[in-house]
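Okay, structure first, notes after.
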Amino acid sequence: VCLAALPASPPIQPHAAGRREYLVGWIKRRQADSLQMAAAFNLRPAEQSDFKAILSLARIAVEEGDAFTWEDSVSNEELAEYWLPCTKLQRQTFVAEGDDGSGSGRLAGVCCLHATLGGRAGHCASLAFVVAPAARSRGLGKRLCAHAIEEAGRRGCSSIRLDRVVASNSAAVRVCSSCGFKILCTVPRSFVHRTRGLTDAHVMLYDLSAPEVRRFSVASFPTTSVAVAPASAPHLQPTTLCYRLAGSSSGTDAVEGLSITVGEEVSLEPHIASSCCTSFKEGTVVWSVHPELPEGLCLDVATGRIVGAARAPGAEEHFRVTATLSADLEIQVLGASASTVDEEFAARIDNVVDVADLPAAPARTRAYGDWMIWMAHRAWLNDPSLVELDFTNMEMPLGHIEKRIAPKLMQAMETNTYLQVLTLSNANLQRIQALELAQSLRKNKTLLELNLECNCLDSNAVRELALGIQSNRECRLEAFRVSHQKQMGQFFGRPTEEAIGQMMDQNETIVKLGFECDDAHWRNLIDRSLLRNNDVWRRRQAAPLDEALPAAEERTLGHLLLQAPPKRSAMELFPRDSAPHTIFRKYVEQNGKLPTTAQLQSFAKNLGTPLTYSIAAPLIKECRAEMLNTAEGKEVVIIDAFGKDAAGMLRGWSEVNNEQWSVEIWAGDGKRYMFKSNKEPGFSVSPAWGEWLGAHSRRPSLSRAGA
C-alpha cells in the first residue's frame, strides 16, 4: 500500500484564546475539502489503453522504496502480472480518472483487487493501490480502498488480507485503518526501507463476514453531518457525529430530520463514528446546541442525549449540536546543552594519535564539555589505563550538534579492548547514538558493565541493543541497565521484551539486569536466566584462592566422556565451508568418539576426500581443544585407569605435547578430582552431543511462506 503522508497540521495560533475553535474549524474544512476532492475523480475498470499509465504508477511506487518489496530492477512483465486485470485469475484493476494535480489529466490512481488467493484461501482477497504523487492528500487513497472493499463484498469474499503494510508508511496505515482494516500482528524488521533500513511491517485484515462491519464508500458519507475532532489531536481522522433513536443498533438508523407531536416522548442519542475511536468516556466531552431546543426538550451536556416532550407546536427549525473534547498536554522545550566546548582545545585533542601525547585532563566541574571530549578521545585511542568511564548526570550534547562526544564514544566501543565499565545514567543519550552503540556491542569483548538508565531511548533502540548483545558470542557483559527512559512508560512493549528475553536465554554472563518486563512469559524466562547466570557466577567466585579450595584427589586419567552439549551453534565450532572440519564432525557424530589420525584418514578416504597426515593431525588437536574449551563448566564423566568413573563439572584441562595431560573436575558432593596421565587419553561424546552435531547438518533451510 503506497500513499503519501497527510498534509501538515494547521499553524497554531499565537494566543490560546480561540485555538480550539480554529482547530475544529480547520478539521471541518479539511473533511469537506477531502470529500469534495475525492468525489471529483471517476472510478472505472481499467482498459487496455490504461495499461501503460498503470505500470508507470507502479514503477513510481517501486522506486520510492517504502511500500512494495520489488527491487528497482523489476521488469514491466513482472509488474504487469500483478497490476493488470486478468479474468482467469479473478484479478480486477480500477483506475481513478481525473486531474492528477499536474494539470495533464492523466490517471491519478490505480487499485488492484485479487479477489481470491487460490486453493483453501480462495475466500480471502488481497488488494494494493497507488496514488500519483501529485494527487495525494486529496482523499483518493481512501476512496480507492473503500471501492475495493465494496467490490470484494459483491464477489462473495469473506475477508481481505494485506500481508505487508510497512509500519513507517504512516499514511497507508491510516488509510487502511480508517477503512476498517485491523492490525493482526507486526512482523519485526521484515522490510528493507530505502532510507530507514530494516523496518517493521503489519499484517492487516478486513473481515467482510463480521455482522458488525458496515460497508461504505467515501462518496456515501453525508455532507450534512457535523465533523468534530479532539482539539488536542488535529492530526486524527475526522469524526462523524449523528443522532439516532434510542435503542437503534446501527448507524444506518441515523436521523437528519424528525417530526414529533406535542406531548410525544422523544429520546435521541448521539452516535460517533471515527477511525480512531467509536465512543468517548462520559464526562470527557461537553455537549451544546444552538439555537435552544423547543420547549420541553433538553440536551444532557454530559451524555449528549436529547430527551423530553414538546409542549407547543412550531415551525421546522435547524439545530446544530456540538461536542467539544479537550485534553491537558504538558510540553517542555529544552534548550541546548549547558556544556561548553573550547574549540581550540577540542581541535588539539582530535589531532592526537598517541595516548602519550594527550594533554592534561581539563577540570571536570568547570569545563566538563572539554573533559567529555578528552575522555571520549581516550576511549577512541584505546587507552590501556581507561577501564571505567562515568558520565552520570552530565548532559552530553546532541549528536548532530557535537559529534566528538556521544557519536565518537559509541563508535569507539567497537574497537576498545580495555574499557570495562561504561556508565551513562541520565547523560542525555539519544536513540540514534544507542543504535550506534548496538552495532559496537556486536563486536566488543571487554565491557563488563553498561548503565544507560534515565536517558532518551525508545523501545526500538533498547531492542537493537539486546539484539547486538545476543549476536556477540564473546560478550562478557555482566550488568546491563536500560530502565526509566524519559518520554517512555514503565514498559517497552512486547517486541522489546521478546528481544531481551531471547538475549538472556542465550547469554551466560549477565547477572544484573535493569529492565521491567510486563509479559509473563518473557519475564519468567528472564528470571530463570538470571538465576542460572548468578549460580554460575557464584560457583566461579566460591573459591578464588588455592588455600580455600578443597584438597584434590588425584587419579590416573584413562577416558573422558563429554555429557552436556553446549548452547552455541555447531557452526561456530565446525565451520561449514571447511571440508576437513566437516569430515571430523561427521566421524564424531557417527562413532561417538574422537578419532586417531589413522582413523580420520581412513574415514576421509572412504568419503572420497583423502586427508594427508599434515592436515589430519593438527585438525584433531585443534577440534579437540575447541570441544574441551566449550565443555568447561559443563558435566563430564571421567574413567580412571582402574575403570572407576567420576562425574562432575569440568573446571579446567591442560596438555603438553600430547604426553602430559591434566583434567580437573568438581563433583556434586563437593569433592575435587585431579586426573593426570603421561599419555593421550580416549575421548568420547554422549548421544546428546551426537544429536547436537547432527542438527548442524540436518537443519532445514528457511523459505518464504506467503507474500
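Within the range 64-84, residues that are farther than 20 Å from His193 by Cβ and surrounded by 17 or more Cβ atoms within 10 Å (Cβ to Cβ) have Cβ atoms under 8 Å from residues that are of a type in the set (S, T, N, Q) and modelled with pLDDT of 90 or more in these pairs: Trp83/Thr93; Leu84/Thr93, counting only partners at least 6 apart in sequence or on another chain. Against the criterion of being under 17 Å from Ile349 (Cβ atoms), in contact (Cβ under 8 Å) with a residue 60 or more places away in the chain and not basic (Lys, Arg), Glu453 does not qualify. Candidates in the range 174-211 are the residues that are among the β-branched types (Val, Ile, Thr) and within 17 Å of Ala128 (Cα to Cα); of these, the one that is surrounded by the most Cβ atoms within 10 Å (Cβ to Cβ) is Val175. Put simply, of Glu414, Glu436 the only residue that is touching a helix residue (DSSP H, G or I) at 6+ places or on another chain (Cβ under 7 Å), part of a loop (DSSP other than H, G, I, E, B), modelled with pLDDT of 90 or more and more than 17 Å from Thr340 (Cβ to Cβ) is Glu414. Any residue that is in contact with a Pro (Cβ under 7 Å, 6 or more places away or on another chain) and either of a type in the set (A, V, I, L, M, F, W, C) or outside any helix (DSSP H, G or I) (or both) - is there at least one of those in the range 568-577? No. For the condition closer than 25 Å to Phe391 by Cβ, open to solvent by 10 Å² or more (accessible area, probe 1.4 Å) and under 20 Å from the mean Cα position of the chain (by Cα), Gln487 qualifies.
Taken over the range 399-411, the residue count meeting the criterion of being at pLDDT below 90 and either hydrophobic (A, V, I, L, M, F, W, C) or open to solvent by less than 10 Å² (accessible area, probe 1.4 Å) (or both) is 2. The residues of the range 374-397 that are open to solvent by less than 50 Å² (accessible area, probe 1.4 Å) and assigned to a loop (DSSP other than H, G, I, E, B), listed by number, are Leu381, Asn382, Asp383, Leu386, Phe391, Thr392, Met394, Met396, Pro397. Of the strands (runs of 3 or more DSSP E) that lie entirely inside the range 244-348, those containing 3 or more residues that are open to solvent by less than 60 Å² (accessible area, probe 1.4 Å), modelled with pLDDT of 75 or more and on the phi < 0 side of the Ramachandran plot span 265-273, 285-290, 306-309, 320-325. Taking into account only those residues within the range 536-567 that are in contact with an Asp or Glu (Cβ under 8 Å, 6 or more places away or on another chain) and in a loop (DSSP other than H, G, I, E, B), which is modelled with the highest pLDDT? Once the filter is applied, the top-ranked residue is Gln563. Quick one: is Arg120 under 30 Å from Asn460 (Cβ atoms), open to solvent by 10 Å² or more (accessible area, probe 1.4 Å) and of a type in the set (D, E, K, R)? Against the criterion (under 30 Å from Asn460 (Cβ atoms), open to solvent by 10 Å² or more (accessible area, probe 1.4 Å) and of a type in the set (D, E, K, R)), Arg120 does not qualify.
The values are calculated or read from the model by the stated rules, or taken from the named source; none is laboratory data. Just so it is clear, the structure is predicted and the values come from calculations on it, not from any experiment. Note: ideal-geometry Cβ built from the backbone for every residue, glycine included; neighbour counts use all protein chains shown. Remember, those area values only see protein heavy atoms, side chains included, never the ligands or the DNA or RNA. Shrake-Rupley method; radii C 1.70, N 1.55, O 1.52, S 1.80 Å.
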